[in-house]
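The values are calculated or read from the model by the stated rules, or taken from the named source; none is laboratory data. In this text, all values refer to a predicted model and were calculated from it rather than measured experimentally. Glycine also receives a Cβ, built like all others from the backbone with ideal geometry; neighbour counts cover every protein chain displayed. Ligands, DNA and RNA are excluded from the accessible area calculation, which covers all protein heavy atoms including side chains. Shrake-Rupley method; radii C 1.70, N 1.55, O 1.52, S 1.80 Å.
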Amino acid sequence: VQVVESGGGEVQAGGSLSLSCVVSGNIFSIDLITWHRQAPGRLRELVATITLFGGITNYADSVKDRFTVSKGDAENTNYLRMNALKPEDTAVYYCAARIRSTDYWGQGTQVTVSS
């Protein structure tokens, strides 16, 4: 299983970015997609999750009402839409695919929000 994130970049505060997560390999056994972020000097933080069956979503309080996680038309693609970005959202964002209790991680994509 391989996980690849893309779509990071630099944006001004108040702006938007969309991240993509493409999973290859045993995609039909994916139970859950999780998005995390890690800022310098801080622990990795769970940002959002989406179940592949039913599309049930959950968000960290820090991003609720600003971020939206969704499934793409293709079974192996998911998105994290980030609106109203703040400087404190600056971090490396990671996608993980959970298959039978094992998480497969991507390499991360940098998001930088300037004030």
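Against the numbered list (1) modelled with pLDDT of 95 or more; (2) surrounded by 15 or more Cβ atoms within 10 Å (Cβ to Cβ), Gln107 comes up short only at (2). Would you please name the residue that is farthest from Leu19 (Cα to Cα), looking only at residues in region 75-102 that are touching an Asp or Glu at 6+ places or on another chain (Cβ under 7 Å) and not hydrophobic (A, V, I, L, M, F, W, C)? In this case the residue turns out to be Arg98. If the condition is being surrounded by fewer than 17 Cβ atoms within 10 Å (Cβ to Cβ) and among the aliphatic types (A, V, I, L, M), then region 56-104 contributes Ile56, Ala60, Ala74, Ala84. Taking region 82-107 as the range and being over 15 Å from Gln38 (Cα atoms), among the polar types (S, T, N, Q) and not in a strand (DSSP E or B) as the test, the residues that pass are Asn83, Ser101.
Cβ-Cβ contacts under 8 Å between residues 6 or more apart (or on different chains), taken from a first residue in region 47-65 that is touching a residue at least 40 places away in the same chain (Cβ under 8 Å) to a second residue that is crowded, with 18+ Cβ neighbours inside 10 Å and part of a loop (DSSP other than H, G, I, E, B), are listed as Val47/Val63. Of everything in region 10-36, what is in contact with a Lys or Arg (Cβ under 7 Å, 6 or more places away or on another chain), part of a strand (DSSP E or B), open to solvent by 50 Å² or more (accessible area, probe 1.4 Å) and under 22 Å from Val92 (Cβ atoms)? Give them in sequence order. The answer is Ser18, and nothing else.
Within region 108-115, the presence of at least one residue that is touching a residue at least 24 places away in the same chain (Cβ under 8 Å), under 10 Å from the mean Cα position of the chain (by Cα) and part of a loop (DSSP other than H, G, I, E, B) is confirmed.
Taking the criterion of being modelled with pLDDT under 95, under 21 Å from Gln2 (Cβ atoms) and assigned to a loop (DSSP other than H, G, I, E, B), the residues of region 37-81 that qualify are Leu52, Gly72, Asp73, Ala74, Glu75, Asn76.
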